[in-house]
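Colleague: I'd like to ask some things about the structure below.
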Amino acid sequence: STISSRKWLADPGVEIPESAAKVHGITTEYAREHGRPHVEVVHEVATELRECWDEHRVVAIYNAAYDLTVLHTQTDGSFTVDGPVVDPFVLITEFDKRTGNRRLSTMCERYRVTLNDAHDAEADALAAARLAWKLPRRFPTLARLGVDELMRWQSEFYRIHQQQAKARQQAFFGNTDSVDDAWPILTAANRAEAQP
């Protein structure tokens, strides 16, 4: 089958921290020279996702709560999730109880999914889609779920995982900070948009 893709590069209009540039390889200078204004790029990405959902496609995003919350906040709350999302991060956390980190590169190795050029957005997106395709074969319960049920399950799994992480944090560090357990767009982002 043929894989088609689109790539965007945004100039965020601020300095890109050196630590971030070491991860993804994009420096402030590179983004300024080759990128487009981030407002335009954010709008195009949001439009592309809406078109996917309008065409009844499923969007696979690894750790969707992060990316979709960023997109929601960068559009001043106008971006919403209007179709199905498969989040291999949430599903693996629920169905695969093995210990260790859950970074995309680690999970790709565990599930024998090709990930070329980790931290490149296109490579990461393709790896997330490949994981989403493999998981129902590994965990047959997932194959029996309808789209609405899958969305509900992922939301519930995410809530449970966040609460468990908070309980562990309290046990070890005595930290009682609140936890944002909404999925796929974190509640804090929605609350911030509602402020006058």
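The values are calculated or read from the model by the stated rules, or taken from the named source; none is laboratory data. Note that the coordinates shown come from a computational prediction; the quantities given were computed from them, not determined experimentally. Glycine also receives a Cβ, built like all others from the backbone with ideal geometry; neighbour counts cover every protein chain displayed. Ligands, DNA and RNA are stripped out before the accessible areas are found, and what is left, the full protein with its side chains, is counted by its heavy atoms. Shrake-Rupley method; radii C 1.70, N 1.55, O 1.52, S 1.80 Å.
Colleague: Among the residues of the range 1-33, how many are open to solvent by 100 Å² or more (accessible area, probe 1.4 Å) and touching a residue at least 60 places away in the same chain (Cβ under 8 Å)?
Modeller: Going through the range 1-33 one residue at a time, the tally reaches 2.
Colleague: Which one of the conditions (1) farther than 18 Å from Gln154 by Cβ; (2) open to solvent by 20 Å² or more (accessible area, probe 1.4 Å); (3) in a loop (DSSP other than H, G, I, E, B); (4) β-branched (Val, Ile, Thr) does Val45 fail to meet, given that it meets all the rest?
Modeller: (3)
Colleague: Can you run down the residue pairs with Cβ atoms below 8 Å, 6 or more apart or on separate chains, where the first is in the range 88-101 and in a helix (DSSP H, G or I) and the partner is among the basic types (Lys, Arg) and open to solvent by less than 60 Å² (accessible area, probe 1.4 Å)?
Modeller: Once the first residue is in a helix (DSSP H, G or I) and sits in the range 88-101, its partners that are among the basic types (Lys, Arg) and open to solvent by less than 60 Å² (accessible area, probe 1.4 Å) give Phe89/Arg102; Ile92/Arg102; Thr93/Arg102.
Colleague: Now for a separate question. Let me confirm something: among Lys166, Lys97, which residue is modelled with pLDDT under 95, surrounded by 14 or more Cβ atoms within 10 Å (Cβ to Cβ) and over 18 Å from the mean Cα position of the chain (by Cα)?
Modeller: Matching residue, one of Lys166, Lys97: Lys166.
Colleague: Is it fair to say Ala118 is touching a strand residue (DSSP E or B) at 6+ places or on another chain (Cβ under 7 Å) and either outside any loop (DSSP other than H, G, I, E, B) or open to solvent by less than 50 Å² (accessible area, probe 1.4 Å) (or both)?
Modeller: So Ala118 fails the test.
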